[in-house]
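Okay, so here's the structure we're looking at.
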Amino acid sequence: AVQFIHAVLGIELDAAALNDSLRDGVVLCQLINALCPGVVKRINTKSLPFAQMENISNFLEAAGKLGLQSTDLFQTVDLYEAKNMPRVIMTLLTIAR
């Protein structure tokens, strides 16, 4: 997943701290916009929890528009609260295909 993000965005992420890098949803929104320009209309840059969770939700909605099934997607809490990072990674790998 880290290599996929690097290949698309040119951003170096620390795999050991992937949750911290993705938690605000900004990189996810940039990633999905790179794959499908303009699919996420506005990326929140505020550090407020609701703004960060909105970014994650916008990413998940956009992933659905790209054809991913709900069973392929993680839940916002999986990333935001680091409840299920393997599921987050699987979603990113599914998008990478």
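The values are calculated or read from the model by the stated rules, or taken from the named source; none is laboratory data. As the structure is a prediction and not an experimental result, all values here were calculated from the model. Cβ: placed from backbone, ideal geometry, glycine included. Neighbour counts: every protein chain shown. All accessible areas refer to the heavy atoms of the entire protein, side chains included, with ligands and DNA or RNA removed. Shrake-Rupley method; radii C 1.70, N 1.55, O 1.52, S 1.80 Å.
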Point to revise | Hits in the stretch 46-76 (condition: β-branched (V, I, T) and at pLDDT below 95) | key: T71
Revision key, fill the gap. Checked the stretch 1-27 for anything within 19 Å of Q52 (Cα to Cα) and surrounded by 16 or more Cβ atoms within 10 Å (Cβ to Cβ); matches are I5, L13, L18, S21, L22, R23, D24, G25, V26, V27
Check your understanding: Before we move on, is T45 polar (S, T, N, Q) and open to solvent by less than 50 Å² (accessible area, probe 1.4 Å)?
Key -> no
Review point. What about Q30, is it open to solvent by 50 Å² or more (accessible area, probe 1.4 Å) and over 20 Å from R87 (Cβ atoms)?
Key: yes
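Given the residues R97, R87, which is the only one that is open to solvent by 50 Å² or more (accessible area, probe 1.4 Å) and at pLDDT 95 or above? Full working, then the answer.
On the way: R97 fails: at pLDDT 95 or above.
After applying the criteria, what remains is R87.
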Practice item. Check the stretch 58-69 and report whether any residue there is over 13 Å from T91 (Cβ atoms), touching a helix residue (DSSP H, G or I) at 6+ places or on another chain (Cβ under 9 Å) and among the aliphatic types (A, V, I, L, M). Key: no
Review point. Restricting attention to the stretch 53-77, which residues are open to solvent by less than 30 Å² (accessible area, probe 1.4 Å) and over 11 Å from the mean Cα position of the chain (by Cα)?
Key: L68
